[in-house]
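S.K.: Got a structure here, written out as C-alpha cells. Questions coming.
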Amino acid sequence: MTHLGNSESEVIMRTATLFLLTAFLAWPALAQTDPSLVGNCAPRTAVAYLDVNNVRARIFNGSELFYGPPDGYSGGGLEIPIGSGHIAHYADNMWLGGLVNDEIRTSGSTYGPYEMWPGPIPSDGTPPKDCSASDRFWSLNREADLSDAKPGIRPTSAELNWPAALGAPYHEVDGVEGYSPEFGDRPMILGDQMHWWVMNDIGNEHAYSMSDPLGVEVTSAAFAFKEPRVLQETIFIRHTITNKSTHPIREMYIGRFLDVDLGAAFDDFVGTDSTLSLFYFYNSDNDDDGNYGEAPPALGLMILEASHSGGGLPTDISSPKSKFMTNSVHIYKGSNRNVPNPRDKFAIYNYLRSLQVGGGPIVEGGTGGNDDGIPTKFAYPGDPVTGTYWSDINSDGDGTQSSPWDRRGSASFGPFDLEPGESASFTFAYLWARGVSNLDSITRLRFVAENIHSASEAILSGASFTNRPKFVDNTPPERPQQSFWMDAPYPNPSTGRATIKYSLSMDGDADIAVYDVLSRKVASIHNGNQTAGRHEASIDTSNLKPGVYSIRLNSNRRSSSRLLTVVR
C-alpha cells in the first residue's frame, strides 16, 4: 500500500475540478460545520516559553505559535537575540487539509479563531465535551528534570508525571510494556528543553475555515538545544498526526502559515530554497528601520522530517533535503485577487497545494498570482543574492525589484494518505542568521540550514536519558573587524544606485572602480588612503548602460571583485 498521493499533474487537475464543483454546488454548507461531528471544548489557554538558547519563543498548546491570547493579541512572541527586544516573527499557525469522501476538510487559521483544542480524542472516537484537563504543557529540562535509570535514583517529579498514556515518547527500559518510571523507564526528550502537548480538531466547530473536522489527534513537541553553535538561534516544532476517525483521509497536506514581520513589518521580502526545504524572509534593504537596524537578519522555516507509520514518505535522513518541502506560496496582504489572506477551507487547501485562492496555479513572475505564466510549486525560488529570476530582487526577469511590504506565506508537505489509526510525523525548524548585509544574512541562513540537515539524526534522536547528542562545531567563521573582504553590491540588479561594504586589513591606499565586460574602467568609487576596518561606499549607476559590470577592490597587494547588473 502506498501513502504517497497521485502525480502532481493529476492532483492539480482533479483537485481544481473538485474545487469548482464544491464551490458552486455546496457553497451553502459553508454557513457552519456539522455540530454532530464536534464537541463543546473551550479554546486553549496554556502558554510556555522556549528560552534555553539565544531565543525566547512563546508557545501555545494549540496549532498557533508566537501570537495569540491569553497574553493579549499583541504579536511578536519570537525574540532573537534573547533579551534584545527585537522581534523576528509575528504570527504562525499549523494548517492541515485533506479529502474525506472527496470533500475538502481543513483545520487552519491565520490569527484566529483557531481550530485545534486541548487533549486527545476519546478512545470511542466521540467528540470531547470538555478539554480543560489537558489544557496544559508537560515540560522537561534535560539538566533539571531527567535522571539516570540506576538503582537508588528516585525519578524526578517530571518523570513520574510524564503523560506516556497520552502518547508522550519515553524510553522503555524494564522490558515491560507501559511506562514505569519506578522501574527505570524515562521520558524521551528532544533537545535540552522541551514542551509537549496533545490536541485534536473535533473539540468544537471550525469557525474560521467553515470546514467539518478531519478527525485527527496531534501530539506536539517544541524543543531547542543549549548550543553555542549553529543551533543557538533555532527552535524546532514536531507534530505527529493520527487519524482517529473511521474514514481514510486522502491527499492530505501539512503546512504552516507565516506572517513573519522580521523586525519592522513593512519592508520584507520572501524566498524559497527548494534544495534545502527552506522558506525564508529577509529585509528588502540593508537597514531595518526602527528595529534590527543596519545589516538585518534573515529568518527561515525548514521542514526537516516527513515520516509515516506505514512507510512511503522520505523518512530516511539520507533522503535528499529537497524532499521534505513540496510547496510554498507568497500570500499577499491586501486586495490582491489571486493570493489574498485565505478565508475558508478552499483557499487554505489550495495554498497548501501551491494553487491560487481560486484554484489556478501559482505562476512565476510578480506576486505569483498572475493569470498566466509558468506554473511553479515554490514562491520566489530565484537566488536574491545573485539577483536571479524569479525573486523579489528580480520579480519579472528584467531586474525589477518588488515593492517591500508585509510579507506572508505558507510552506507545506504533501500529498499523503492517512488510513484510520495511521500516523505521520513532521518536524519544522525555525532558524535565524545575521550577516554583514541583508543579502549576506541569506547566505548565512543557508549555511545554518545545511548544518541542521547534516545534524538531523542527532537532532531527532531523543538521546538516552541525560546524554545529549553530540554536534560538530560547524559555526560559520565570524569576520574579524580588521580583515580583507568585499560583499556583493545591493540592490543587485541596480536601477540607479547601489551600495557595497568592504573591509581593509591594514591602513593604506585603496582603489575601488567599476569595469565593463571589456575590462575598461567606467567609474571610480574610491582612490586614495584609507584606514583599516570596515567601510561602505555608494555607486551611482544612472550614467551606466544596462549590462553586467565588475567592481574591483585593490589594496596592499590584495584584490577582490564582485559583479553588478545595471537595468533600466
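S.K.: Need the full-extension length gain, residue 458 to residue 518, defined as separation in residues times 0.36 nm minus the C-alpha distance. One decimal, nm.
M.R.: Taking residue 458 through residue 518 to full extension adds about 16.5 nm, to one decimal.
S.K.: What do you get for Rg/Rh of region 485-568 when both radii come from the Cα atoms and Rh is the Kirkwood radius?
M.R.: With Rh from the inverse mean 1/r over Cα pairs, Rg/Rh is 0.96.
S.K.: Roughly how tilted is helix 438-454, in degrees to the nearest 10 and between 0 and 90, from the longest Cα axis of the chain?
M.R.: Compared with the principal axis, the helix lies near 40 degrees.
S.K.: Contact order normalised by length for the chain, with contacts defined as Cα pairs under 8 Å and 6 or more residues apart; what percent is it?
M.R.: Worked out over the chain, it gives 14 percent.
S.K.: Take peptides 404-411, 171-178, 305-312 and line them up by average Cβ neighbours within 10 Å, highest first, as a rough protection proxy.
M.R.: Highest-to-lowest ranking by the protection proxy: 404-411, 305-312, 171-178.
S.K.: Still on this structure, I have one more. Scattering from the C-alpha atoms of the chain alone, worked out with Debye: what is log10 I(q)/I(0) at q = 0.06, 0.08, 0.11 1/Å?
M.R.: Results for the chain at q = 0.06, 0.08, 0.11 Å⁻¹ read -0.33, -0.57, -1.00.
S.K.: Bin width 5 Å, alpha-carbon pairs only: give the P(r) of region 49-145 as whole percents, running from 0 to the bin holding the largest distance.
M.R.: 2, 11, 15, 18, 20, 14, 10, 6, 3, 1, 0
S.K.: Once every DSSP H run of n ≥ 4 in the chain is given -39500 (n - 2.57) and the sum is divided by its residues, what mean residue ellipticity at 222 nm do you get, rounded to the nearest 500 deg cm²/dmol?
M.R.: It lands at -3000 deg cm²/dmol.
S.K.: Structure shown: which of 129/345; 226/377; 150/470; 244/345; 226/501 lie over 31 Å apart, alpha-carbon to alpha-carbon?
M.R.: Check vs 31 Å cut-off fails for 226/377; 226/501.
S.K.: Rounded to whole Å, give me the distance from the Cα center of region 506-568 to that of region 175-249.
M.R.: So the separation of the two Cα centres works out to 53 Å.
S.K.: Here's a follow-up. I need the P(r) histogram for region 285-376: all alpha carbon pairs, bin width 5 Å from 0 out to the longest distance, whole percents.
M.R.: Bins of 5 Å from zero give 2, 12, 16, 14, 14, 16, 15, 8, 2, 1 percent of pairs.
S.K.: Also, I was wondering about something else. Ranked from highest to lowest mean number of other Cβ atoms within 10 Å per residue, what is the order of the peptides 160-166, 41-47?
M.R.: 41-47, 160-166
S.K.: Okay, moving on. How do 205, 103 rank when sorted from fewest to most other Cβ atoms within 10 Å of their own Cβ?
M.R.: Listing 205, 103 from fewest to most nearby Cβ atoms yields 103, 205.
S.K.: Compute the distance in nm between two label points, each set 7 Å from the Cα along the Cα-to-Cβ direction, one at residue 548 and one at residue 157.
M.R.: The two pseudo-label positions are separated by 6.5 nm.
S.K.: So if we plug the beta-carbon distance of residue 141 and residue 322 into 1/(1 + (r/R0)^6) with R0 = 30 Å, what FRET efficiency do we get, rounded to 0.05?
M.R.: 0.30
S.K.: Could you order the peptides 146-157, 270-281 from most to least packed, using the average number of other C-beta atoms within 10 Å per residue?
M.R.: My ranking of the peptides, most packed first, is 270-281, 146-157.
Read-outs throughout are calculated quantities, based only on the coordinates presented, and are distinct from any laboratory measurement. As the structure is a prediction and not an experimental result, all values here were calculated from the model. Don't worry about glycine lacking a Cβ; one is built from the backbone with ideal geometry, like all the others, and counts go over all protein chains shown.
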